[in-house]
Amino acid sequence: MIRPAALVLTAGGALAAMALAAATRIALHQNPRPGQEAGEVPTQTSSDQIQPRYSKSAYDITPLSKERIAQLAAALDPETYRITQKAGTEPPGCGTLLDNKKEGMYVCVVCGLPLFSSEHKFDSGTGWPSFHSPFDPDHVAEVEDRSYGMVRTEIECARCTAHLGHVFDDGPKPTGRRHCLNSASLKFFEKGETLPPESRPVETETAYFAGGCFWGIEHYFQQGPGVIDAVSGYMQGHVEQPTYKDVCGDETGHAETVKVVFDPKRISYRRLLEAFFVMHDPTQLNRQGPDVGDQYRSGIYFTSDKQAEEARAFIRQQQETSRFRGRKIVTELERAETFWPAEEYHQDYVVKTGRPCHIADPWKK
Ligand SMILES: [Zn+2]
């Protein structure tokens, strides 16, 4: 259930990022991820190293490449360019959005990511538009700014690094914070207006896979490039709200299943099927290695006719390969019924317990 909130770093990328951080600014409020030390700044050097990233509110916040940012910035007027790309500040009292009291969303002027909502706007009396909270904390990055002999916290767009303004600790309740914005960094969409695609959340798709014990299957699906969330649970049985104990009892008809919510623009259902077959042995009937019982059966539970067709074709093709010569694939293919999430202690089990996982990593090249 972990959300991939940070980039996977390569050693070179991390070093470059650390050098950058030391030279100019230090990233704040970043949670280190596996393989990433505290204080490292996620960065990227080329598009093939990018691990897609999603915010809690399900927006694609994968950092844009330098090339893409340059392309977008080229369309800005000189003043907006100066403010967003060169960390400029507009004079107080002049911004077009200062007195805007309409309901709606303030998006990044460069990349369109929603940054602030009218719900959180307040009159700070400073002459700059002010908000006590961002729309989603994942969308606004905070970096230490030591320019002009002061120590301030700069805020920037988490997706395109456009400079937005600064954040101070003298704001109103409930956060006590004041996000002080340049109007030029924002574009306003009134409530009811259609937002452009770059300002909308990801349109997700859901897939379900049963491949024996769900701990490892969930662990690796969660790491798929384009997977937003993987959750362990039970499905295809006849007992409502089953517990782990019920399912182990072998009489509920449920299979240990992993729900995979993914971004079909970033990863295909076919790629998930391939990963699933790397992670388990689809020729074992009602067991998976040492785990025996129909709760450990192999199953693909489809959520659309298109998924059903793709899965059927995939199994047929796999059966013809040398890997399965003389061994019958027994994976069941059924329409998804109700998915019952497993108890909290089963979620992210491999990460929580640090237990080594013996199944194959399906994303390794
Ligand atoms: Zn942006």
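The values are calculated or read from the model by the stated rules, or taken from the named source; none is laboratory data. Computed from a predicted structure; not experimentally measured. No Cβ is skipped: glycine too gets one built from the backbone with ideal geometry, and neighbour counts run over all protein chains shown.
Here are the numbers for the structure shown:
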| read-out | value |
| --- | --- |
| Residue match in segment 74-81 (condition: surrounded by 15 or more Cβ atoms within 10 Å (Cβ to Cβ), assigned by TED's automatic domain parsing to the domain that holds E193, in a helix (DSSP H, G or I) and within 16 Å of the ligand (Cβ to nearest atom)) | yes |
| Residues that are over 24 Å from the mean Cα position of the chain (by Cα) and either within 16 Å of the ligand (Cβ to nearest atom) or assigned to a loop (DSSP other than H, G, I, E, B) (or both), drawn from segment 104-130 | D123, S124, G125, T126, G127, W128, P129 |
| Residue check, E144 surrounded by fewer than 16 Cβ atoms within 10 Å (Cβ to Cβ) and touching a Leu at 6+ places or on another chain (Cβ under 8 Å) | yes |
| Conditions (1) outside any loop (DSSP other than H, G, I, E, B); (2) away from the ligand (no atom under 16 Å from the Cβ); (3) modelled with pLDDT of 95 or more; number of the one not met by V143 | (2) |
| Segment 82-93: number of residues that are hydrophobic (A, V, I, L, M, F, W, C) and assigned to a helix (DSSP H, G or I) | 1 |
| Residue pairs meeting the criteria (Cβ under 6 Å; at least 6 apart or on separate chains; first assigned by TED's automatic domain parsing to the domain that holds E240 and of a type in the set (A, V, I, L, M, F, W, C), in segment 254-267; second surrounded by 24 or more Cβ atoms within 10 Å (Cβ to Cβ) and outside any strand (DSSP E or B)) | A255/Q295; V258/F214; V258/I217; V258/E218; V258/F221; V260/F221 |
| Lone unmet requirement of (1) closer than 29 Å to D263 by Cα; (2) in contact (Cβ under 8 Å) with a residue 24 or more places away in the chain for S65 | (2) |
| Every residue from segment 149-165 that is in a loop (DSSP other than H, G, I, E, B) and more than 17 Å from the chain's Cα centre (by Cα) | M150, V151, T161, A162 |
| Strands (runs of 3 or more DSSP E) enclosed by segment 285-365 - at least 1 residues per element that are over 24 Å from the mean Cα position of the chain (by Cα) | 298-302, 332-335 |
| Checklist (1) on the phi > 0 side of the Ramachandran plot; (2) surrounded by fewer than 21 Cβ atoms within 10 Å (Cβ to Cβ) applied to L285, failing item | (1) |
| Answer residue from segment 154-200, given it is buried (at least 23 other Cβ atoms within 10 Å of the Cβ) and not hydrophobic (A, V, I, L, M, F, W, C) and is nearest to the ligand (Cβ to nearest atom) among those | R159 |
| Segment 85-134: number of residues that are touching a residue at least 40 places away in the same chain (Cβ under 8 Å) and of a type in the set (K, R) | 2 |
| The listed residue being out of contact with any Leu (no Cβ under 7 Å at 6 or more places or on another chain), within 21 Å of R53 (Cα to Cα) and in a strand (DSSP E or B), out of A230, A210 | A230 |
